[in-house]
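Have a look at the structure below before the remarks.
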Amino acid sequence: MKAFSRQSINPCIIATQYAVRGKLVLEANGIQKEIEEAKKKGKTNPYPFDKVVYCNIGNPQICNQQPLTYPRQIISIVEYPELLNHTSFFPKDVINHAKKIINSLGCTGTSGAYTNSMGVVQFRKSICKFIKRRDGTAPSPDEVFITDGASTGIKMILNMLISHPLHGIMIPIPQYPLYSAAISQFGGFQINYYLDESKKWSTDMTSVRKVYEQAVEKGIQVKGFVCINPGNPTGQVLTVQNMKEIIEFCYEKKICLLADEVYQENIYGEIPFTSFRKVLKSMRDEVKNTVELVSFFSVSKGFYGECGKRGGYFQIENINSFARSQMYKMASINLCSNVIGQEMVEIICNPPKEGDESYPKYINEKMSILNSLKRKAKLLHSVLNECEGITCNEAMGALYLFPKIKFSNKYIDECKRKDQQPDEVYCLRMLKSIGVCVVPGSGFGQKDNTYHFRIAILPPENEIQNIANKIKIFHTSFMKEYDH
């Protein structure tokens, strides 16, 4: 038997699925390649559209969102300090910030050396100041680990929590499939709690407790509770009251709370973002000083969209010293996270202040991106709800909409006969008909006999209306084809 035969590969790896870059995306990549090859050879485009529009993933800059000037200027200087000899090219605060980062690296002007495994200490101090501005209190730099994006930190924590097949992690359904993939990869038990679509995807604690008890009855030891706020793929923003209920539940059951807060800057509705850490700090002492909390942040989302820089961090509360030492050991195995990603985290957490030379341009770019995202979310929400058989909650936050489709019994029966997922077939038809790549709801989890898809709100504003109209035309035609 070969080392990499199907029978010899780790079965946990084979069981792992990741829908946002799964079957639909591979198909989309193939279609895009066909279009480009036909163009090169002077042949007729085999599809009725000029390009594939990738709405499958929160990857802002692939959709032409422009990077912020301030961090890119600083990164340029840090990576090529010779630019300090040309200070007239840059605002004074950019120069000063770049010098501080260079000095923090302690490598006589180069970022090419390994850093502390937790990340450069001065960068972690900047993160602590960012958290203090947000929450009112600062953690210690020893409670912060800088990672290659939030995903690396999430996988590290899940890997530490899961040490037995009967160790369970509670995850929201719908969920970001990193969680189901990582739980499968580490051989744990996935415990689904369902968000309430009828109440703007809120967390129903009665349902949560019922699911918990059912897991315990099966002999599952529940180790972690994942909360994504703002929500991915659902776009909800939790109220403080709902967050308190979740924290009380974790306190009562002695469960670690994993707070995925990477979309905290993406708020479009009336409910403001509040961190789980801030809510925890407001609670009575026995809760505040007991609940184990790990919070995650990333430079990939927000208004920065620096996905390719792979920068993020996790911050811990009430984690004992032995566990911290094991986290440090795990980080050390990777030596350190990539240094440009670390630099980007520091810059995002330490932006220009009012009165700084860069501030007006920075704040203009920030608000331009956030206001554009808000307009696109509202436009797509409006058009989708005009479609017969589609209902869609508004995006209160994050970068996505998660509409529900009511398919005809005729269509569902046909898919069942062919052993196909109705929402996956629908999304594939959409891709081949209009060139818009979305992700079927089955890739995120959904209640039985409901069907959804996730669409990112990232295409440029000058294209989003056309995309929405195409989806509406496609959907209308599709529903007529399978009319009752």
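Structural remarks
- Only a single criterion out of (1) surrounded by fewer than 16 Cβ atoms within 10 Å (Cβ to Cβ); (2) in contact with a Phe, Trp or Tyr (Cβ under 6 Å, 6 or more places away or on another chain) is not satisfied by Gly219, namely (2).
- Cβ pairs under 8 Å, 6+ apart, first in the range 29-55 and in the same structural domain as Lys432 (by TED's automatic domain parsing) and surrounded by fewer than 14 Cβ atoms within 10 Å (Cβ to Cβ), second hydroxyl-bearing (Ser, Thr, Tyr) and part of a helix (DSSP H, G or I): Pro48/Ser433
- Residues in the range 304-324 that are basic (Lys, Arg), more than 27 Å from Val291 (Cβ to Cβ) and either touching a Cys at 6+ places or on another chain (Cβ under 9 Å) or not in a loop (DSSP other than H, G, I, E, B) (or both): Lys309 alone.
- Scanning the range 136-174 for residues that are assigned to a loop (DSSP other than H, G, I, E, B) and either free of Cβ contacts under 8 Å to residues at least 24 places away in the same chain or under 23 Å from the mean Cα position of the chain (by Cα) (or both) gives Ala138, Ser140, Asp148, Ile162, Ser163, Pro174.
- Subset of the range 401-424 [outside any loop (DSSP other than H, G, I, E, B) and farther than 17 Å from Lys472 by Cα]: Asn409, Lys410, Tyr411, Ile412, Asp413, Glu414, Cys415, Lys416, Arg417, Pro422, Glu424
- Scan of the range 267-281 for residues that are at pLDDT 95 or above and either among the basic types (Lys, Arg) or touching a helix residue (DSSP H, G or I) at 6+ places or on another chain (Cβ under 8 Å) (or both), ordered by number: Thr274, Ser275, Phe276, Arg277, Lys278, Val279, Leu280, Lys281
- Restricting attention to the range 175-184 and to residues that are part of a helix (DSSP H, G or I) and of a type outside the set (Gly, Ala, Ser), the residue that is nearest to Val294 (Cα to Cα) turns out to be Tyr179.
- Pairs with Cβ under 8 Å, 6+ apart, first in the range 460-477 and in contact (Cβ under 8 Å) with a residue 24 or more places away in the chain, second of a type in the set (Lys, Arg) and part of a helix (DSSP H, G or I): Glu461/Arg375; Glu461/Lys376; Ile464/Lys376; Phe474/Arg429
The values are calculated or read from the model by the stated rules, or taken from the named source; none is laboratory data. Quick caveat: nothing in here was measured; it's all calculated off a predicted structure. In this analysis, Cβ positions are derived from the backbone assuming ideal geometry, glycine residues included, and neighbour counts consider all displayed protein chains.
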